[in-house]
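Below is one structure, written out as structure tokens; the observations come after it.
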Amino acid sequence: MPSDSKKNLTVYGLSHAAIDASCAAVAFSLLSSKSITNDYFIQLVIMYNVIAFGSQTLVGLLVDKYRCPKLSAISGSVITASAIPVSFLSPLYAIILAGIGNALFHVGGGTISLNLTKNKAAAPGIFVAPGALGLLIGTLYGKSGSFTAWPLLIIIAILCALMYYTKYPEINYKTDEKINTNYFESIILLLLMTIVARSVIGSVVVLPWKSDIFLLVTLTSGIVLGKAFGGIIGDKYGWQKVGVISLLISAPLLAFGAAIPEAAILGIFLFNFTMPITLVAISNTLPGRPGFSFGLTTLALIIGVLPTYAGAGSFMSQSHSVFAIIISSAIVLYYALFLYSRKPNV
Amino acid sequence: MKKANIIIISLCLSVSILPSVVRADMISPGATAALLLIIIAPIIGIIALIAWLVIRKIKKNNDSKREPKIRA
């Protein structure tokens with residue numbers, strides 16, 4: 001990987017962790033300070049998720065149209081930063097700002113990461129991976145009861161300066177490249193279905209040992225490493241092989257071994273391999289539209305958590321349901337990547 | 001209308017309506033997430049529909065570019 005790409009990945013990966021940490025810290029500090037009720041907290045979290053994840057499709061369309069990924073990432077960071085002081089005044093406005101800022105940052109950073117290693121999954125995987133770590137740090141910081149604005153504000157300010165001065169790669173906005181017209185919609189739909197399944201599993205799997213901080217940190221490391229290595233290993237040995245096999249191995253581990261930390265952490269590590277693979281496969285299917293592609297994947301993520309919001313989580317969290325969902329997801333991914341690998345019609 | 005369009009529109013509508021129906025019994029004074037679902041699920045459904053229309057447009061544009069030109 002060229003040194004410029006490494007620099008971009010470091011800056012945007014760290015920023016990703018900081019932005020997600022800030023959003024989580026804002027939300028959980030509201031709860032721990034007892035300034036809002038538990039019910040209102042749930043409402044705010046749902047609202048945040050919808051704004052942050054649901055709007056990225058539309059933000060992506062705009063960022064692709066105006067070709068402004070860096071502006072999107074920096075303005076997103078600034079808006080997220082502004083949510084921190086606002087959280088001391090108005091929880092609702094703070095959550096709205098955090099959601100908007102998060103969406104802008106993700107689309108901007110995602111667009112850049114998709115163009116660092118052309119058509120490969122490694123860079124986007126490494127960009128997305130630190131988000132989980134940021135969420136953990138932010139959640140612990142927010143819950144700690146000693147939440148103050150300035151540390152996060154200083155970190156975001158430094159990262160904004162780094163993003164501003166880091167030259168980003170040439171972004172592919174050529175929309176006239178050949179697309180696989182025969183299976184175009186099928187490929188996108190099937191890939192999005194696997195992302196929905198991943199989101200469903202992520203929201204329903206019950207890990208009773210998560211209250212142990214050491215195990216929680218190990219679990220988060222498993223998610224981070226899974227996303228990062230999924231792209232690298234997928235590029236080396238083939239997306240279809242790596243994606244499908246990792247899902248098949250993770251199915252029994254997550255379905256029947258959720259109560260055993262070692263099994264579940266290994267399962268989560270393997271389960272996350274498909275994240276960069278599906279993202280880049282969608283982006284390659286929609287050439288010249290990296291922001292929109294990134295947004296589509298986050299839209300699938302929010303659709304995947306809707307069943308939990310709707311009260312279907314308890315049924316879906318049962319072992320046989322988890323197993324069936326992951327196995328179905330592996331079959332769908334196999335077929336999606338099979339269609340993807342077929343040569344486009346000229 | 002193509003079969004794929006009908007499937008997608010149905011999916012989008014399901015995403016919009018189902019959560020509201022499932023949680024309809026919860027809508028009472030003090031209900032929290034249920035009320036929000038009434039608002040957010042349709043929003044997600046509409047965004048999904050817009051995304052689908054964009055994907056269809058991309059396909060259509062690509063198809064039209066590939067049509068052979070008739071030379072005089």
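The table for this structure:
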{"quantity": "In the stretch A:15-35, the residues that are touching a Leu at 6+ places or on another chain (Cβ under 6 Å) and over 16 Å from A:Leu97 (Cβ atoms)", "calculated": "A:Ser15, A:Ala17"}
{"quantity": "Of residues in the stretch A:279-296 being within 11 Å of chain B (Cβ to nearest Cβ) and not in a loop (DSSP other than H, G, I, E, B), the one farthest from A:Phe105 (Cα to Cα)", "calculated": "A:Thr285"}
{"quantity": "So A:Ser87, is it over 14 Å from the mean Cα position of the chain (by Cα) and surrounded by 24 or more Cβ atoms within 10 Å (Cβ to Cβ)", "calculated": "yes"}
{"quantity": "Condition met for A:Thr139 (without any contact (Cβ under 8 Å) to a residue 40 or more places away in the chain and assigned by TED's automatic domain parsing to the domain that holds A:Gly54)", "calculated": "no"}
{"quantity": "Some residue of the stretch A:72-86 being polar (S, T, N, Q) and touching a Cys at 6+ places or on another chain (Cβ under 8 Å)", "calculated": "yes"}
{"quantity": "Residue under evaluation A:Phe184, criteria (1) crowded, with 16+ Cβ neighbours inside 10 Å; (2) within 14 Å of A:Ser15 (Cα to Cα), criterion not met", "calculated": "(2)"}
{"quantity": "A:Lys34 outside any helix (DSSP H, G or I) and at positive phi", "calculated": "yes"}
{"quantity": "Count of residues meeting criterion [among the aromatic types (Phe, Trp, Tyr) and either under 21 Å from the mean Cα position of the chain (by Cα) or more than 22 Å from A:Ile245 (Cβ to Cβ) (or both)] in the stretch A:305-343", "calculated": "2"}
{"quantity": "Check on A:Ala83, in a helix (DSSP H, G or I), touching a residue at least 24 places away in the same chain (Cβ under 8 Å) and under 23 Å from A:Val224 (Cβ atoms)", "calculated": "no"}
{"quantity": "Residue selected from the stretch A:195-220 under the condition over 14 Å from the mean Cα position of the chain (by Cα), under 25 Å from A:Gly313 (Cβ atoms) and not aliphatic (A, V, I, L, M), by the criterion surrounded by the fewest Cβ atoms within 10 Å (Cβ to Cβ)", "calculated": "A:Ser211"}
{"quantity": "Boolean, A:Gly311 is within 14 Å of chain B (Cβ to nearest Cβ), under 18 Å from A:Val206 (Cβ atoms) and assigned to a loop (DSSP other than H, G, I, E, B)", "calculated": "yes"}
{"quantity": "A:Leu333 away from chain B (no Cβ under 14 Å), modelled with pLDDT of 90 or more and buried (at least 24 other Cβ atoms within 10 Å of the Cβ)", "calculated": "yes"}
{"quantity": "Within the stretch A:45-70, considering residues that are among the basic types (Lys, Arg) and assigned to a helix (DSSP H, G or I), the one nearest to the other protein chains (Cβ to nearest Cβ)", "calculated": "A:Lys65"}
{"quantity": "Qualifying residue in the stretch A:74-82 (condition: over 26 Å from A:Ile213 (Cβ atoms) and within 15 Å of the chain's Cα centre (by Cα))", "calculated": "no"}
{"quantity": "A:Ser250 vs. criteria touching a helix residue (DSSP H, G or I) at 6+ places or on another chain (Cβ under 7 Å), assigned to a helix (DSSP H, G or I), crowded, with 24+ Cβ neighbours inside 10 Å and hydroxyl-bearing (Ser, Thr, Tyr)", "calculated": "yes"}
{"quantity": "The listed residue being within 14 Å of chain B (Cβ to nearest Cβ) and of a type in the set (Ser, Thr, Tyr), out of A:Thr10, A:Thr37", "calculated": "A:Thr37"}
{"quantity": "Selection count where residues are within 14 Å of A:Thr298 (Cα to Cα) and either in contact with a Gly (Cβ under 6 Å, 6 or more places away or on another chain) or surrounded by 22 or more Cβ atoms within 10 Å (Cβ to Cβ) (or both), scope the stretch A:92-124", "calculated": "12"}
{"quantity": "Tally of residues being closer than 18 Å to A:Ser35 by Cβ and either modelled with pLDDT of 95 or more or not hydroxyl-bearing (Ser, Thr, Tyr) (or both) across the stretch A:129-151", "calculated": "6"}
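The values are calculated or read from the model by the stated rules, or taken from the named source; none is laboratory data. Note that this is a predicted model, so its numbers are computed, not measured. When we count neighbours, we look across all protein chains shown, and the Cβ atoms used for this are built from the backbone with ideal geometry, even at glycine.
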